[in-house]
Each structure stands twice: as C-alpha cells, then as structure tokens.
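> To start, I am sharing the structure in question, which I have written as structure tokens.
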Amino acid sequence: MFLSVFDMFKVGIGPSSSHTMGPMVAAARFLDLMRASPFHFHGLRASLHGSLAFTGVGHATDRATILGLAGFNPETYDAEAADAALAALKETHTLSPEGLGDLVFDPDSDLVFDYDHALPGHANGMVLMATDAEGDIILREVYYSIGGGFVMTEAELAEGKDTDEGAPVPYPFKSAAEMLQMARSSGLSIAEMKRANERARGCADALAKGTARIWQVMNDCIDRGLENDGILPGGLSVRRRAKAIHEALEAERGMNLSAPHTINDWMSVYAMAVNEENAAGGQVVTAPTNGAAGVVPAVIRYYLDHVPGAAGSHVEDFLLTAAAIGGLVKFNASISGAEAGCQAEVGSASAMAAAGLCAVMGGTPEQVENAAEIALEHHLGMTCDPVKGLVQVPCIERNGLGAIKAVSAASLALRGDGQHLVPLDACIETMRQTGHDMSEKYKETSLGGLAVNVPNC
C-alpha cells in the first residue's frame, strides 16, 4: 500500500476537504470527461446527496461545485477570480470552462440539494450531468468525496480502486504491524522508509521542495490566523479568538507571569488560528482533512518554537511519519467525518501529529506507533455534529484539544519502551467498527448532538 505524503497533505481551501475541495475536484474531473466526449454540450446540472446535501450550505458545497464547473481547482484557487466568476454567473446564467464554450447553468434550478435520496456508495455523494440543446442528459457521472479531498467515481468505488498505482515501492506496509516489522528488518525509521517509498515514485528534489512548501503553507496559515480578527462567516456570529489569545500569551511571556499549563494555550492557539482561517474559506493544508487541519501544524509549530533543540530540518521527517500513520488510518478505516464521525478527522490528525512529534524527538518506530495509538484511542467514539453545518463549533476548539492530546501522547510514548497492550492496528479497526455502528445523525449531517442542542440562528 502506498499513499503519498502529497496525498495526505494537499494545499486547498476551506472550510471542508470533503464538502468543499472534494466537490470542486469532482467537477474538474467531470469537465475533463466532457472534453474527452464526442458530444456537443449545451448545459450543466448537479445534485448533492447525503451529507453533501445536509451540510452543503454551511460547507459552501454549492459554491465549490459551481466554481469547479467553471474551471477552478483547490490548489490554484484565486478568490478574486472566483468572486468575479460567480458575479458573472448571476448575470448570464452561463459557465464557460476552458475548451467547452458557454454552458447554461442556473444555480436556482440546476443545482439541487437532494435530502431524500442518499447514494449507496458513500455519505458524500453527488451527480454531475451535461445536457444537449433540448435539455436532455447526455453525459452523467456519480462522484463520491471520500474525505481529505479524495474523490472517486461510482465505478472506481465499486471496483475497490485505491491510490496504490505506479512503480513498486521498497516498503509497501499495509498495517502498523508490517510497518514495524519492516523497520526492524531494515534498521530504518518510519520516516526513512516513507522517504524511500516516495523516492521510488519521484525524485528527492521534488520531495524536499514539496514538503517544504507544505510546511510553508501551514505556517503561513497559522500566522494569518494569529493576525486576523472579526466575525467568521456563516451566520453563527462566531468571533475569531486566536489573535487576542496570542497577544495575551505574548504579553504574559514578556512579564514572566505564565503558569506551566499555559503551554496548552500555545498549542491551542496555533491550531485555532488555522481552523479560523479554514472557517473563513482561506488557504489551508488538508491534514488529513480541512476540519482537522489545525492539529498537525500546531504540533509542528509547538515543536519548533517551544521544544529545546528543535530544528527546522526535522520537519520533513515529521510530515513523512505523520503521512505514514494517516495512510494506515485511511487504508484500513476512514478519515471522513461523514463516514466515521470526528474520530476519523481530529482523531486521525492527533494520531498523525503524535507520531510525527515522537519521531523528531528521537522515538523508536515502536514508540512512534505507541504515540499514534494513544492519541487515536482517546478520540474513539467522537461524533461529528457541526452547528449549522459550519466548520466552526465544535471544530475550531476541537483542533486545539487534538493538538494537546497529540503532544501528551508523544510524551507518554517517549517515557516508555514502545511495548503496550493495544496495537495501533486494533485501535484503527475499532475506529472503523465504531464509525460503522455510529448513528448517521452524528456523522456530519448536523442532525444530532450539538447541532440540535445549540441555537444556530
């Protein structure tokens, strides 16, 4: 099994990797399908199903789908150009993606939130259609946004297609047990094995530049979040808090007034800064999703700014180790809140961050696996119940607590020798089973939990 570090960490836009980035990616794929078709197209239609329908407005799924059909993609997203395209659509009721001419599209009638008909493959389903001059559908495709910005067609999902395509890799572990056995046999760290796998699919220079860019985008996102204040969009009137908390922490540090536990506030404020940016629709890195995007960068920033002896040269090892753990969770369970609740998002992110921190602080592969297990175990059963379908409450604070748990898990693992009762594989399988058994109303539908017990208007 191989899942690249650049699959686990993708540059994109907020507020959701599965509900914003995924639909935009699906729309881009549909445009490519149209370009390869012999038909002449006149118009476009789309329908959103399951979780994409229930929380689509709060996650800007409608906007993302429209922009994807207009030719935008998450990695090169230009906010000003997107606003201009939406304004033009409002006037003309046409979209003009490259190579396909003008296509009729009225959002009021051609984009449907179908709350009554879930698609069978996954909770995040959508149907994209192209029509002829008579309005008849002549091209149709079903897409599933399976979490973390990953998208599969109906056929790909049915075939069990995964991301393990390409040249063979030297360390193709599919479980934590296999990963540890390969580490013992090779004498390599998890990061070193992951690096060898990445190089088998690319080059060392691309890996170094790519991981450097990932961290730069993450760190820039933290900095923007620490500088911006105001009210987040969406109607809940949630105030940005990261800037004020950061300023207070800086003032206390200068006066030497901080209590020891204040370090938790530093971890939280870094994570909250990212997720406030995400909630505002800013540029973030999926880690492994947008809803959990603050945990990994917060722990890296904590390591660099607060841990004696930390070095920026270790960030690549952190990301590679985290990606290895994230790949195991995705391959054997899920990273989608709509599929398995928030245990699959913040829980996975916390496990990834714990593993990365343990690795760069000198942990053995066994200690790294233990750190990931501790962090994931103590997120088991966590529901995904966003108020009003927005990635704000409880998501922003939850990332802060996920970062704190990650650091605690890494620290506990480093105090031991790597031997522990519950293997990471068992914990991942437990998370999968728990997600399967969890009521749908607690899986990113905003039909239960905080979403129905907190006034949202």
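Each value in this text was obtained by applying a stated rule to the coordinates, not by laboratory testing. Computed from a predicted structure; not experimentally measured. Every residue, glycine as well, gets a Cβ built from its backbone with ideal geometry; the counts of neighbours run over all protein chains shown.
> Considering only DSSP beta bridges whose two residues both sit in segment 16-159, what percent are antiparallel, to the nearest 5?
If we restrict to bridges inside segment 16-159, about 80 percent are antiparallel.
> Let me ask something else. Helix 315-332 against the longest principal axis of the chain: what's the angle in degrees, Cα atoms only, rounded to the nearest 10?
Approximately 60 degrees, to the nearest 10.
> Give the aspartates and glutamates whose C-alpha is closer than 12 Å to that of K10, dropping any in the same chain fewer than 8 places away, or say none.
Straight-line reach from K10, under 12 Å: E75.
> Express the relative contact order of the chain as a whole percentage, based on alpha carbon pairs under 8 Å and six or more residues apart in sequence.
Answer for the chain is 19 percent.
> Based on DSSP loop calls and a cut-off of at most 16 other Cβ atoms within 10 Å, the longest stretch of the chain free of exposed GluC sites (Glu not before Pro) is what?
The longest such stretch corresponds to 166-457.
> Rounding to the nearest 10 and keeping the result within 0 to 90°, find how far the Cα-based axis of helix 22-35 lies from the longest principal axis of the chain.
The two axes meet at around 50 degrees.
> Can you tell me the length gained on complete extension of the stretch S96 to L447, counting 0.36 nm per residue apart and subtracting the Cα distance? Walk me through the numbers on the way to the answer.
On the way: separation 351, 0.36 × 351 = 126.36 nm, distance 3.66 nm.
Residue separation times 0.36 nm, minus the Cα-Cα distance, leaves 122.7 nm.
> Check cross-link reach from K441 to the lysines: straight Cα distance under 20 Å, and skip same-chain residues fewer than eight apart.
Within reach: K388.
> Can you tell me which aspartates and glutamates have their Cα less than 13 Å from the Cα of K443? Leave out same-chain residues fewer than eight positions away.
Partners within reach: E339, E345, D385.
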